[in-house]
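The values are calculated or read from the model by the stated rules, or taken from the named source; none is laboratory data. Nothing here was measured: the structure is a model prediction, and the numbers come from that model. Every residue, glycine as well, gets a Cβ built from its backbone with ideal geometry; the counts of neighbours run over all protein chains shown. Side chains are part of the model used for accessible areas, which takes the heavy atoms of the whole protein and leaves out ligands, DNA and RNA. Shrake-Rupley method; radii C 1.70, N 1.55, O 1.52, S 1.80 Å.
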Amino acid sequence: MKKIKHLMNIEYCLEKQKCRTIKTIMIDKKGKLLIKNLYIDDICDNIEKIRKHKLVVFNVEENQKEEILNFFCAQNKKGLLAEVDEKEIYYFPDLNYQDAYLIKYLLENKCSINSSLKIISGNNVV
């Protein structure tokens, strides 16, 4: 009976850890691709390192999406967020509000994203 409880505790911990990690794809200024599984706390703590990349894609679940969006909206720094399909958040650290419509056009037409697409810059949604 102890072994079953122990296994259930391990399974619960692994499931909890799995839902807290976010698959993060980062493209740096030289075009190199870096794929990591990060915790939400790691993203918050290492935001300055993340901002050094050209593009960051977060593959999130529904419960994680709100935390990530709230964190970036609270930062009030430059950068655009594109929320796609309720599962992916694209983060463009170097872009400003003026680039929002260009990103929206490129994601909708050139990348054939036909689902719900929101561009977020600070507290503004395009």
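Quick notes on this one:
- Near residue 60, the amide H atoms lying under 5 Å from its own belong to 88, 89; only residues 5 or more places off or on other chains count, and H is placed 1.01 Å from N.
- Electrostatic bookkeeping for residue 75 treats Lys and Arg as +1 and Asp and Glu as -1; over the other residues with beta carbon under 12 Å from its beta carbon, the sum is +2.
- Accessible solvent surface per residue of the stretch 21-126, calculated while the other protein chains remain in place, 1.4 angstrom probe, Å²: 58 Å²
- Low-density loop cleavage sites - trypsin sites (Lys or Arg not before Pro) in the stretch 68-104, where at most 12 other Cβ are within 10 Å (DSSP): 77
- Spin-label model, residue 54 to residue 21: label points 7 Å out along the Cα-to-beta-carbon direction sit 2.8 nm apart.
- When each of the peptides 46-57, 29-40 is scored by how many other beta carbons lie within 10 Å of its residues on average, the order from highest to lowest is 46-57, 29-40.
- Above-threshold pairs, the threshold being 20 Å between Cα atoms, out of 29/49; 30/104; 49/110; 49/104: 30/104; 49/110; 49/104
- Summarising the label geometry, the points placed 7 Å from Cα in the beta-carbon direction at residue 126 and residue 29 lie 2.3 nm from one another.
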